[in-house]
1. From the residues in the stretch 533-579 that are within 25 Å of Leu342 (Cα to Cα) and charged (D, E, K, R), which one is surrounded by the most Cβ atoms within 10 Å (Cβ to Cβ)?
2. What's the total number of residues in the stretch 371-418 that are part of a loop (DSSP other than H, G, I, E, B) and either open to solvent by less than 10 Å² (accessible area, probe 1.4 Å) or closer than 22 Å to Ala256 by Cα (or both)?
3. Determine whether Ala435 is of a type in the set (A, V, I, L, M, F, W, C) and either free of Cβ contacts under 8 Å to residues at least 60 places away in the same chain or within 19 Å of Thr310 (Cβ to Cβ) (or both).
4. Could you identify the single residue in Arg528, Arg459 that is over 30 Å from Gln111 (Cβ atoms) and not aliphatic (A, V, I, L, M)?
5. Would the stretch 95-109 turn up any residue that is open to solvent by 20 Å² or more (accessible area, probe 1.4 Å), more than 30 Å from Ala556 (Cα to Cα) and of a type in the set (Asp, Glu)?
6. Quick one: in the stretch 433-451, of everything that is surrounded by fewer than 16 Cβ atoms within 10 Å (Cβ to Cβ) and of a type in the set (D, E, K, R), which residue is modelled with the lowest pLDDT?
7. Only helices (runs of 4 or more DSSP H) wholly contained in the stretch 1-86 count here; list those with 1 or more residues that are at positive phi.
8. Collect the residues in the stretch 452-464 that are open to solvent by 60 Å² or more (accessible area, probe 1.4 Å) and either part of a loop (DSSP other than H, G, I, E, B) or not small (Gly, Ala, Ser) (or both), keeping them in residue-number order.
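The values are calculated or read from the model by the stated rules, or taken from the named source; none is laboratory data. Computed from a prediction, not measured in an experiment: that's the story for all the values here. Cβ: placed from backbone, ideal geometry, glycine included. Neighbour counts: every protein chain shown. With ligands, DNA and RNA removed, areas are computed over all heavy atoms of the protein, side chains included. Shrake-Rupley method; radii C 1.70, N 1.55, O 1.52, S 1.80 Å.
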Amino acid sequence: LAAFNLRLGLEREWLRRHGVSEGCAMLAAARAAAMFIGGEADRLDAHALAALPAWVAMMAAEKLPSAAAMAAHFTADAAEIALVRQVWQQLGTVDALMETGGDIRLARDPQSALNGYGCSHRPRPWAITFASSTASSSSSRGYVAADRARLRHTLALLRGATRRDASLDTLARVRRGIKRYFGLARGTQIVLAASGTDTELLALALAHMEGGGQSVRSVLIAPEETGRGVPAAAAGRHFAVDTARGHDVVFQAPIAGFRADTDVKAIALRDDAGAVRPMAVVEAEIIAAVGQGIYEGWRVVLHALDLSKTGLLAPTPSFLAGLRARFGGAFDLVVDACQTRLSPASLRAYLALDAVVLVTGSKFFTGPPFAGAAILPPRIAKRLRGATLPAGLEAYFGRDEFPEQCPAAQGLPPAGNYGLALRWCAALAEMRGFARTDAQARVAILERFGDVVRAAVARMPALALLAAPPINRAAAQDWECLPSIFSFSIRAPHEPARNLTPDEARAVYRWLNADLSAVIPHKAALARRICHIGQPVPLPQPDAGLQGVLRVSAGARLFSGEPSHRALRGQARLAREFADLTLVFDKIGLILAHWEALCAADPKPCYRPGTRSGGKT
């Protein structure tokens, strides 16, 4: 209750001091405070709930209250109430606003208070997190940066700016931040997108705009090790049942404006037993696929992979340079760098090959999930001056996610994705933190990370690390040649002749993210620890169908410092991080030792230990 009142008073006073009228400041602050306390409802008893103001539920609701209802609870005139009602959907807490502008995977489960990735837009410092290969909960560093952007945006709205103008400013700040981090040359353009899969749609659209009536063939490298929706997006089809702009769509149905004869060809990186295929064989297949496609009259789009879900790079940058020299501009090159585990110099080297580079702020950089961008080199960016984009992209993009004065985007809705902009603001704070770290220190930290993982796996007979070839790139910085994603299989405790299936591995993933102390009370200290790691990847296993491979990965916070560990310095902080990494494997061992009991109880992930629910808004 003290936090609620403090939140209400501080936000109201800040807005007033920056020129917002008393009535508008109170209404906006009340909405933020109401949404804040709604997220903490599991910590309030009946007496505390009864002590909250009567307007809390109304002001926390997504549904817009009537002007009369607002006037009944607050001292505000009609003009102030009208202004707040007009911008209602863009007021509130930054965590709630960051949940907007994405598809169903971003929605918060009211029971666990976690989204489809098992994480939260609110900081979750008690959770041990090595999940950057999938998604991470916000840190306080990212949360504060996003909240500063929210306050700036709220202030503009309450001073009379339109919602679009306020969003345009925030989106422009994001683009400048991305350009600054990667050191992008003049003429390079950035298109923001809700996710890495959304950027695949844009890459396909750019090929259509260049094709001159040609059919398009997308050559995908190991689509099973990228996003699940990538094959559908690369064919111009809906990859989920809803979109970032809130449209309900039919999964796998064609998107209006894309050619119906778009073809997809996949090239595998692993054989039928799950082993990595020789790179020479993979690259020979790529040459054949690109060459044959061009000969047959297709507009070929080659999707290179840097890196896959299990940390594979294919093909090498030097191979791509040779391919460009061989075929020139007869094919489009897209680099799926959505893990974004590469240096700015390496990214710029891809751009020099006229590659569209797809990045996110939500994998390695540990920003909130659903923060994607396509970086277009100058020669490709020129296509945005010509033909219009496919009409169906209006379900995924607003005009303001594109560069200003972009002719190709004029058919899109005149709007911007505010939730996306806030998520990128959080990611940019993590990127700036990582940029301040020493390059040589990064090498030492990654080497130690790998040593800790290998030692933990070695002492557990049920676990086995997947072999991974070296990351072969002409790197400007040595750290990006070192593995930062470690994948491992788990022997089934009830059938030790095989590894866990994808569904069984997903159960381990969920239980790591849950408080298990009610099921394993004699090991309560370990059982209640919340551990979030990478989602399982389905891969073949010899003679036994598919296995589910789990992952631990080093994210940017390992180098810049997890903010909740700020009291620790230098080696003490790293010692804490690596002790937590070891504890992840200890909890896996606990889960395997109590497999049957956990299968019967099936504990659910939770926002914080000690409760099944993280509260509702």
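1. Top of the filtered list is Arg557.
2. Result for the stretch 371-418: 20.
3. For Ala435, the condition - of a type in the set (A, V, I, L, M, F, W, C) and either free of Cβ contacts under 8 Å to residues at least 60 places away in the same chain or within 19 Å of Thr310 (Cβ to Cβ) (or both) - is not met.
4. Arg459
5. Checking the stretch 95-109: not a single residue is open to solvent by 20 Å² or more (accessible area, probe 1.4 Å), more than 30 Å from Ala556 (Cα to Cα) and of a type in the set (Asp, Glu).
6. Top of the filtered list is Asp438.
7. Fully inside the stretch 1-86 and qualifying: nothing.
8. Arg454, Arg459, Pro461, listed by residue number.
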